[in-house]
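*Asks:* What follows is a structure written as structure tokens; I'll ask about it next.
No value in this document is a laboratory result; all are computed from the given coordinates. Just so we're clear, the structure is a prediction, and the values are computed from it rather than from any experiment. Cβ: placed from backbone, ideal geometry, glycine included. Neighbour counts: every protein chain shown.
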Amino acid sequence: MATKKLSIIMFSGDFDKLVAAFALASGSAAVNYEVNLFFTFWGLNAIKNKKGRKFTGKGLLARTFGFLMGGLNNLPLSRLNFAGASPKLMTHLMRKRNVATLGELIEASKALKVNFYACEMSMHILGLTKDDFVPEIKEVLGVPGFLKYAEDGETLFI
Amino acid sequence: MATKKLSIIMFSGDFDKLVAAFALASGSAAVNYEVNLFFTFWGLNAIKNKKGRKFTGKGLLARTFGFLMGGLNNLPLSRLNFAGASPKLMTHLMRKRNVATLGELIEASKALKVNFYACEMSMHILGLTKDDFVPEIKEVLGVPGFLKYAEDGETLFI
Amino acid sequence: MATKKLSIIMFSGDFDKLVAAFALASGSAAVNYEVNLFFTFWGLNAIKNKKGRKFTGKGLLARTFGFLMGGLNNLPLSRLNFAGASPKLMTHLMRKRNVATLGELIEASKALKVNFYACEMSMHILGLTKDDFVPEIKEVLGVPGFLKYAEDGETLFI
């Protein structure tokens, strides 16, 4: 029997959607699914390392764009954008209720051998290279490369 | 031949996305698909009963969070957030054009035996229990439980 | 062996999500996938022709709604809504980095025989007809019609 497989195209950089994605990823890996995460666009924020380049550029727009690409400690909530205060509220609730936080869900996903891939096209657009990301990124892929890993499984766009 | 199957992870609480999800759910069930809806995070709003607890807490943030978790009569549109006026405009258009409203699509989904499940983790985070939901919720599930119902079908994240 | 298949329910009208969708569509078609795009709600903006009717109506809400349904040259970014300036910044970055722009990705999708379908229900709600769309729209479909094309492949909701 073929291994069961879940693949997620992680497009969003919203805090709450990343929580959902990593909960799905770690929960599926825990029951022996092969799990492939393909980070693209805003989702690349989730896998930046500490030295990962910020987006830089002149003008208000470019600076705002850079703010949105600030990495894992700078994620808005999809529904409430109070300058980062909302993810704090949600993290507070998660701790209080004894639910794993986003950081813990990411670590669990790594420990359970979830595969991390980064999208070549969006890295080009944003001027990022593999050095900007955590070492768990196995490969930089285009669409055809991703399709090969995802085929014959469930695929979600988040 | 195996039954065809559609499963939807209903994450969003946006009015327009719920319309899309319940149109897909009822339309698929009408042609004999097995349909599984897994409500999580903001999507839990769609299945609260009239007595369903509101999120409570102190401070402006907590109150805003509570506002966003206010249930089915308090859903924003993903694109226009005019304090609930937009879903009214859209519902008006749907009535005028003779298209089923969100409430009618939900009732049709129930009548066509669409399966409703609620996400254990987000219920914990938000302090909700099964008693807060409509009686059609068959089970409270974690990720592995959901995967079992969803496997070998189409799965969407909305 | 059955042809591999990717189907996308194109719900969002956000510029960045349309870039992601058409990159997936053209990239998949390039490696011989059958690709089906089902445009619905805000996503209908991507396929309006130049004469495509604008949404009209009285009052501020209706006018704003009309603005959001203004077609391909009027798409917001999912994360930055500076009155259309952000898609300009992103298009600028895409040109600078030599990545195909949204218009080029759409043309590539057409050239690679990606199938375009429009959603009957959302056309009814918005008062649109097939004449409002580009000639590449093969069919106007309801949910059951779409399911038939999508079955036994990967399906994404974007």
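*Asks:* All other residues with a Cβ under 15 Å from the Cβ of B:Pro135 taken together, and with Lys, Arg as +1 and Asp, Glu as -1, what is their net charge? Don't skip to the end; give the middle numbers.
*Replies:* Numbers: positive: B:Lys48, B:Lys50, B:Lys51, B:Lys110, B:Lys113, B:Lys130, B:Lys138; negative: B:Glu107, B:Asp131, B:Asp132, B:Glu136, B:Glu139.
Result for the neighbourhood of B:Pro135: +2.
*Asks:* For A:Thr3, go 7 angstrom from Cα along the Cα-to-Cβ vector, then report the distances to that same point in the other copies in nm, smallest first.
*Replies:* 3.0, 3.0
*Asks:* Which residues in the stretch C:116-142 have a backbone N closer than 14 Å to a point placed 7 Å from the Cα of B:Lys96 along the Cα-to-Cβ line?
*Replies:* The answer is C:124-128, whose backbone nitrogens lie closer than 14 Å to the label point.
*Asks:* In the neighborhood of A:Arg95, defined by Cβ-to-Cβ distances under 14 Å, what is the net charge if each Lys or Arg adds +1 and each Asp or Glu adds -1? Don't jump to the answer; show the numbers that get you there.
*Replies:* Working: positive: A:Lys88, A:Lys96, A:Arg97; negative: A:Glu104.
Local charge sum for A:Arg95: +2.
*Asks:* Which order do the peptides B:94-101, C:19-26 come out in when sorted by mean C-beta neighbours inside 10 angstrom, highest first? Don't skip to the end; give the middle numbers.
*Replies:* Values: B:94-101: 14.4, C:19-26: 25.9.
Per-residue mean Cβ counts within 10 Å order the peptides as C:19-26, B:94-101.
*Asks:* Given a Förster distance of 22 angstrom, what is the FRET efficiency for B:Lys113 paired with A:Thr3, based on the Cβ-Cβ distance and rounded to 0.05? Before the final figure, lay out each step's value.
*Replies:* Numbers: r = 31 Å, r/R0 = 1.42.
Computed FRET efficiency for B:Lys113 and A:Thr3 comes out at 0.10.
*Asks:* While we're looking at this one, here's another question. Just tell me how shielded B:108-120 is by partners: mean number of partner chain Cβ atoms within 10 Å of each residue's Cβ, no decimals. All intermediate terms of the calculation are to be shown ahead of the outcome.
*Replies:* Values: counts 0, 0, 0, 0, 0, 0, 0, 0, 0, 0, 0, 2, 1.
Partner-chain Cβ atoms within 10 Å, mean over residues of B:108-120: 0.
*Asks:* Could you state the number of Å between the C-alpha centres of the stretch B:101-115 and the stretch A:12-31?
*Replies:* 28
*Asks:* Also, I was wondering about something else. How would you rank B:114-124, C:106-116, A:8-18, highest first, on the average number of other Cβ atoms within 10 Å across their residues? Don't skip to the answer; put the middle values down first.
*Replies:* Details: B:114-124: 21.2, C:106-116: 18.1, A:8-18: 25.2.
Averaged packing, sorted descending, gives the order A:8-18, B:114-124, C:106-116.
*Asks:* Which of the pairs C:Lys4/C:Lys138; B:Lys4/C:Lys17; C:Lys17/C:Lys51; B:Lys130/C:Lys148; B:Lys113/C:Lys5 have their Cα atoms more than 26 Å apart in this structure?
*Replies:* Values: C:Lys4/C:Lys138 20 Å; B:Lys4/C:Lys17 28 Å; C:Lys17/C:Lys51 24 Å; B:Lys130/C:Lys148 35 Å; B:Lys113/C:Lys5 29 Å.
From the list (C:Lys4/C:Lys138; B:Lys4/C:Lys17; C:Lys17/C:Lys51; B:Lys130/C:Lys148; B:Lys113/C:Lys5), the Cα-Cα distance tops 26 Å for B:Lys4/C:Lys17; B:Lys130/C:Lys148; B:Lys113/C:Lys5.
*Asks:* Follow-up question, since we're still on this one. Work out the mean other chain Cβ neighbour count within 10 Å for the residues of C:15-28 and drop it here as an integer. If you can, show how the numbers build up before the last one.
*Replies:* On the way: counts 0, 7, 4, 0, 6, 10, 2, 0, 7, 6, 1, 1, 7, 4.
That works out to 4 on average.
*Asks:* Using a 10 Å cut-off on Cβ to Cβ distances, tally the other chain neighbours for every residue of B:150-156 and report the average as a whole number.
*Replies:* Partner Cβ neighbours, averaged per residue: 6.
*Asks:* For A:Glu139, which inter-copy label distances result when the label point lies 7 Å beyond Cα on the Cα-to-Cβ vector, reported in nm to one decimal and in ascending order?
*Replies:* From this label point to the equivalent ones elsewhere in the assembly: 3.5, 3.5 nm.
*Asks:* Still on this structure: Taking the mean number of other Cβ atoms within 10 Å as a proxy for protection, how do you rank A:37-43, C:139-145 from highest to lowest? Walk me through the numbers on the way to the answer.
*Replies:* Details: A:37-43: 25.4, C:139-145: 17.1.
Highest-to-lowest ranking by the protection proxy: A:37-43, C:139-145.
*Asks:* Further question on the same structure: Work out from phi, with θ = phi - 60° and the Karplus expression 6.51 cos²θ - 1.76 cosθ + 1.60, the ³J(HN,Hα) of each residue of the stretch A:107-124, listed in order in whole Hz, and give x for Gly and Pro.
*Replies:* Result, rounded to whole Hz: 4, 4, 4, 4, 4, 8, 6, 5, 8, 10, 10, 10, 7, 4, 4, 6, 5, 4.
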